[in-house]
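Remarks on the structure that follows.
The values are calculated or read from the model by the stated rules, or taken from the named source; none is laboratory data. No experiment lies behind these values; they were computed from the predicted model shown. Reconstructed Cβ throughout: ideal geometry from the backbone, glycine too, with neighbour counts over all protein chains shown. Accessible surface is based on the protein model in full, side chains and every heavy atom, while ligands, DNA and RNA are left aside. Shrake-Rupley method; radii C 1.70, N 1.55, O 1.52, S 1.80 Å.
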Amino acid sequence: MSEENVSIEDLRSAVENEHRFATVLRGYDKKAVNTYLKEMEENYQQSLAEYDEKRVDIIKENELLNEKVEILNARIKDLNARLDAKRDNDEKIRQTVMAEMSVKTNQIKSEKREVELKLTETEKELENFKADVKEATGELNGMSEKLEKLLREKFDECAEIIKTWETQHGVVVENIENQVK
């Protein structure tokens, strides 16, 4: 039997059975037998008292352990509640972040589409500008040729006028020299 399940009655019965005289008490000294039985009774009473003390100590220890278990269970309950609250908070934060990211992503996609449209328009404008520049360059080249031709004609005309003046000047100088002589 384990110590926890042993009752006082079990101990009393065990002590009585252990020291029972199975034989007739002939030839034994009654006083010695009575003394022996008295010692046995005292030992039994002492064992019972020790057992009661142990039982009381065990009960107290059990109560302390139960209090500790209750404290630990309360702590576990508190930690679980805090963990659940943290999970809920983390989930709310995750959902908020995901919603913000979704809004930001849609905003970025919208801005990207706008930029792509502007880029396409700018590329078309650039192509048109290139065509305009090419056309203007052609016109400028044509005008440059015309200007060059016109300038040559004007230089030729100026050269002819200068030649005519030089000739007339030479004639006037000669006439003046002839008159002065």
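Of note:
- Condition check for D57: assigned to a helix (DSSP H, G or I), free of Cβ contacts under 8 Å to residues at least 60 places away in the same chain and within 22 Å of S7 (Cβ to Cβ): yes
- K118 open to solvent by 100 Å² or more (accessible area, probe 1.4 Å), under 29 Å from E9 (Cα atoms) and assigned to a helix (DSSP H, G or I): no
- Residue check for K31: open to solvent by 90 Å² or more (accessible area, probe 1.4 Å) and in contact (Cβ under 8 Å) with a residue 40 or more places away in the chain: no
- Scanning region 93-108 finds no residues that are more than 23 Å from the chain's Cα centre (by Cα) and β-branched (V, I, T).
- Those residues of region 53-63 which are open to solvent by less than 100 Å² (accessible area, probe 1.4 Å) and within 50 Å of the chain's Cα centre (by Cα), in sequence order: N62
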